[in-house]
1. Net charge near G69, counting Lys/Arg +1 and Asp/Glu -1 over other residues with Cβ under 15 Å of its Cβ?
2. Below 13 angstrom from the Cβ of R305, what's the summed charge of the other residues (Lys, Arg +1; Asp, Glu -1)?
3. Run through the DSSP bridge list for the chain and note the antiparallel percent, rounded to the nearest 5.
4. For segment 178-335, calculate the relative contact order in percent as a whole number, restricting contacts to Cα pairs under 8 Å that are 6 or more residues apart.
5. Of the cross-linked pairs K105/K268; K160/K210; K176/K209; K105/K176; K105/K210, which ones have a Cα-Cα span greater than 25 Å in the structure shown?
6. Would you tally the net charge around C275, using a Cβ to Cβ cut-off of less than 10 Å, leaving C275 out, and scoring K and R as +1, D and E as -1?
7. Would you mind estimating how fast segment 92-173 diffuses translationally, via Stokes-Einstein at 37 °C and 0.692 mPa s with the Kirkwood radius over Cα pairs, in µm²/s?
8. With +1 on each Lys and Arg Cβ and -1 on each Asp and Glu Cβ, and nothing else charged, work out how big the dipole of the chain is about its Cα centre, in Debye to the nearest 20.
Amino acid sequence: MDLLKQAPTDQDKSVDLTINAKVAGTRLDQYLVATFPGHSRSAIQRAIEATAVTVNGQPTKPSYRLRDGDQIRIWLPDPEAHAPVPEDIPLEILYEDDFLVVINKPHDMVVHPAKGNWSGTLVNALRFHFDHLSGLNGDYRPGIVHRLDRDTSGVILVAKEESAHRDLSMQFETRKVFKEYLAITLGVLDRDSDYIEKAIGPHPHDREKKAAYSKPDEERDIKEACTYYEVLERFDDFTFVKCLPKTGRTHQIRVHLACTGCPIVADKAYGGRNCLRKSDLVAGIAPEADEILLSRQALHAHRLRFQHPRTGRWIEAQARLPEDMERTLKALRELRPCPMVGKSRKK
C-alpha cells in the first residue's frame, strides 16, 4: 500500500507515534521511512506535503527535526491490493545460490508492484520462480535489495534470506558494491573520461524527476552524487559510454549525463524524446524502410560486483547488452560514424 497523497478523511486509519530522545534530531521523513520500510521516501514526503502527517497536531515539512516528546500522527489508507500474485514470467538468471539470486532484468519491467502496476513486475515473477525470498522489505518488495528504473535493463540483485539481505543492503549503503552501466547519449562527450560531481535532489517543478545542483543541501534533500564515465565509442553527434556511479541517487546517471549536455538517447524525462528512429540518423529514408531502433532510454546495468554475505568471496555478474542497444550501435556505426575525435554536439 502507498501512503495517502491527499488530505486524510475521517474514514482513513491513523497511527500515533511518540518520539523519544534516541531519535530526537532526526528528520521527520527519514524517521518515517525507517519506521515504515514498506513505503518509499518519495511517498512519505508526498504524504507529509499532503498533510497526511501531523506533528503535535500541526502539519509540517519533511525536513522538520524531531524533538523528544513530539507526537506524530500518520494516516494510512486500507491496502489497495493483496500481496503480489505469482506470475509465470521468464527470468534470465545470471547467478543463484541458497542466499541470493542475480537477474538480468529486461527493459519495460517495473521492479515491484505499485499503483498502476500491480502485475507483470519483477516481484510477480520472483514469487513464481522462488519458494523463499527475504521478507525484510515486506510483501510488496520481497528480496529487493536495490532497484532499476522501469526502462533500464540489466543486472539486479535479489536476496532470498533476511540476514543476507541486511548484509547486501549495507554493502550498497557503504558504497562497497561495484556498478557499471552502459549508455548511448545524444551529443558527443568531449573528454575521454571524467567525473561528474553534481548534487542531486528533487526537481523544483516535476515530482517524477530529479535535478542537478551545485552543492548538497540536507534541508532540501539535495545529496552529493558522483559518476565516473569513460567514452567507449564516438559517433556523429552520439556517444557510447561506460558509467560507474560512485553514489546511488535516483536517476543519477540520467541526470548527470543530461547536465553535461549529452542526455541519454530516448530518455523522454531528461532528453525530451522517447524513441530513436532510423530516419533520425539519416535523411531520405522511405516510410516503409523506417524503423524504431530504441523505444526506451538507452541505459543498461552491465556489471555488478559484490561480496557474498556468507562466504565473503567476490561475486561478479554481467548482463549482455540487450538487442535494442546492439541494433542502435550497429546503425550508428553504419550511418553516423564519427567524422572527427572530440566533435561537439550539433546545435
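No lab work stands behind these numbers, since they all come straight from the coordinates. Because the structure is predicted, anything quoted here is derived from the model rather than measured. Positions of Cβ are generated from backbone atoms using ideal geometry, with glycine treated the same way; all protein chains shown enter the neighbour counts.
1. It works out to a net charge of +1.
2. Within the 13 Å Cβ shell, the charges total +3.
3. Approximately 95 percent, going by the DSSP bridge assignments.
4. Reported as a whole number, the value is 23 percent.
5. Beyond 25 Å between Cα atoms: K160/K210; K176/K209.
6. Residues near C275 contribute +3 overall.
7. 260
8. 1080
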